[in-house]
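Asker: Sharing a structure with you now.
The values are calculated or read from the model by the stated rules, or taken from the named source; none is laboratory data. These numbers come from a predicted model, not from an experiment. Methodologically, a virtual Cβ is constructed for each residue, glycine included, from the backbone with ideal geometry; neighbour enumeration extends over all protein chains shown. What goes into the accessible areas is simple: the full protein's heavy atoms, side chains included, and nothing from ligands, DNA or RNA. Shrake-Rupley method; radii C 1.70, N 1.55, O 1.52, S 1.80 Å.
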There are 2 protein chains.
Amino acid sequence: MKKLINRPEDVVREELAGIALAHAGRLEVHTDPHWIARADAPVRGKVAIVSGGGSGHEPLHGGFVGRGMLDAACPGEVFTSPTPDQVLAATQAVDGGAGVLHIVKNYTGDVMNFEMAADLARDGGLTVDQVVIADDVAVEDSLFTAGRRGVGATLLAEKICGAAAEEGRPLRDVASLCRAVGERSRSMGVALTSCTVPMNGKPTFELGDDEMEIGIGIHGEPGRERRPLAAASEVVDILAAAVADDLPFRSGDRVLALVNGMGGTPLMELYVVYGELHRFLGERGVAIARNLVGSFATSLDMAGCSITLLRLDDELTRLWDAPVDTPGLRWGA
Amino acid sequence: MKKLINRPEDVVREELAGIALAHAGRLEVHTDPHWIARADAPVRGKVAIVSGGGSGHEPLHGGFVGRGMLDAACPGEVFTSPTPDQVLAATQAVDGGAGVLHIVKNYTGDVMNFEMAADLARDGGLTVDQVVIADDVAVEDSLFTAGRRGVGATLLAEKICGAAAEEGRPLRDVASLCRAVGERSRSMGVALTSCTVPMNGKPTFELGDDEMEIGIGIHGEPGRERRPLAAASEVVDILAAAVADDLPFRSGDRVLALVNGMGGTPLMELYVVYGELHRFLGERGVAIARNLVGSFATSLDMAGCSITLLRLDDELTRLWDAPVDTPGLRWGA
């Protein structure tokens, strides 16, 4: 295992310490239990948005805490759900009196622990709603999931709901937008290499030198099939067809296209993939109205990428374009 | 070789096509010869800043084209200098009447070709100045370099000079700031794995499963030494001591610290490194006043990182903080 870390058992704690130092004044990193919050939380009168999940997917979710996106994120250990006490502490701390939305990727442990935290928060008098994102079309049930896995659409939901909350929209509306993003989004990924979990010290799965795994999960869960490594054009045809056929995305649709690197894939390759995706969608009459190319929902050091499409409407587009100020996504009005 | 590309000989052309599509309206990508410019170039009355170099270091340089940073970038083939005609075309096109600054990483081919382009541009009546960045303390001469190599400080210079140009400062001042950034910056990197150049199809160098290369170049050029892979704390002690001792950075200094991923290293590890760098500098009384953690000057899919320190003063800090709007760096006032 080749990683720039110290003891594997300390990697999340030390990563969080680094985040706290690098983003002091913008983020506050709480420990025991661990959660990351906007430095100005709670924001009075604003719906608060909390997400989280296992570490190893950075910048998801901690890198998306800030104005216009998340109020707090709860990082679990590597590829391990955050505990209910993390989520409860974050929820209680960032509630600004207008309720809290939990955005949860669909993994059994995450859903269970966020639900438990929501119940406890409600017992304490808070209003909490939960939206589960399940956008990965690769498999219907998975190693850690009943139903589809949640992947790239999660950060789109976080951005769009963050903008709506910033506008002062009530919890009911923000949650409804979150469900809309989930329903209108589809994703699928490919791995060229396995990731290596620090505590395991060896690759999660073996993949031949000439193989790729189509439909990989972001923890290295099995996908749809193994195939010989192919050209980017063919890889995109496979991924994009699976994604586009599922909703389906149709001629005339305007979409947000996310080409997401898995952590070990350089930007050069992601732009090649983006060009191929543009070609593929163009052939179907689908227009990319907004895009995001980079490594946003990663799987440690896995080489590979995922494609996420969100069918836009005017409101979603406007909320996507609204200012955001986080370590991982940042733009002005 | 496992890469999300089509034919290796097409990768730069296809990457540029992807960049053009992803950033339409903000960037213009010209072909034959290739260069990337701000969509609003030339900006009348503003000093124009042009950089460039081999591809494979993205987002450097094309990702730093935009308001507050570069007016144009000239991407060569992978790890290959841009040709004089690329640089000349970009220089002529973005000149806004106030002269053009070339910011060049110190590689023999880059320096030669930028100089040739500058001479040709001057023959055509333009005012061109050139600053060569040579911040890598690892080796005094290298495979492709007389003198030290230019690495991470280049993007710091691009940002700071871009801000100065945006303020309407004359070419003389912008070039002088660029030299100051070069003189006040030092860098060194480490590789845990080699990169693989697409046209070669195999790793540039071999590195044992338990080895790292200290002082690696961004094209895989040999560094100072190979050592057994060590904990992040020890790696940072080695890199940061080499960097800090060289200027030297002293107690009381305020620095900008760049922890830069080489392309195959996830953010999790970079934050661990940042935490260790903070500790190291704290022990020497050096305060990190600004920081940047992420993959900005990469080496294709190499796993590893580099550390760059810039000794700040009030003016450099103010210019660093000024708004920037590029695909790779973006923040508001």
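Asker: I need the full set of residues from region B:49-68 which are closer than 12 Å to B:I36 by Cβ and away from chain A (no Cβ under 11 Å), in order please.
Answerer: B:V50, B:S51, B:G52, B:H61, B:F64, B:V65, B:G66, listed by residue number.
Asker: Quick check on region A:112-124. Is at least one of its residues in contact with a strand residue (DSSP E or B) (Cβ under 9 Å, 6 or more places away or on another chain) and within 20 Å of A:V181 (Cα to Cα)?
Answerer: yes
Asker: Which of the following residues is closer than 22 Å to B:F280 by Cα and not charged (D, E, K, R): B:L192, B:L207, B:L171?
Answerer: The match here is B:L192.
Asker: From B:V236, B:V197, grab the single residue that is over 18 Å from B:R148 (Cα atoms) and either free of Cβ contacts under 8 Å to residues at least 12 places away in the same chain or more than 20 Å from the chain's Cα centre (by Cα) (or both).
Answerer: B:V236
Asker: Still on this structure, I have one more. What is the one condition in (1) within 13 Å of another protein chain (Cβ to nearest Cβ); (2) touching a residue at least 12 places away in the same chain (Cβ under 8 Å) that A:G223 does not satisfy?
Answerer: (1)
Asker: Exactly one condition in (1) open to solvent by 10 Å² or more (accessible area, probe 1.4 Å); (2) in contact (Cβ under 8 Å) with a residue 60 or more places away in the chain is false for B:I49; which is it?
Answerer: Result: B:I49 fails condition (1) only.
Per-residue answers, yes or no, for (1) within 18 Å of B:C195 (Cα to Cα); (2) more than 9 Å from chain B (Cβ to nearest Cβ):
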residue: A:N260; (1), (2): no, yes
residue: A:G263; (1), (2): yes, no
residue: A:M268; (1), (2): yes, no
residue: A:G275; (1), (2): no, no
residue: A:G282; (1), (2): no, yes
residue: A:R290; (1), (2): no, yes
residue: A:T298; (1), (2): no, no
residue: A:A303; (1), (2): yes, no
residue: A:I307; (1), (2): no, yes
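Asker: Using the structure shown, decide if A:L229 is more than 21 Å from A:G56 (Cα to Cα), in contact (Cβ under 8 Å) with a residue 60 or more places away in the chain and within 14 Å of chain B (Cβ to nearest Cβ).
Answerer: Judged against the criteria, A:L229 is not a match.
Asker: I would also like to ask the following. Quick check on my filter: what residues within region B:9-46 are within 22 Å of the chain's Cα centre (by Cα), among the acidic types (D, E) and open to solvent by less than 40 Å² (accessible area, probe 1.4 Å)?
Answerer: B:E14, B:E15, listed by residue number.
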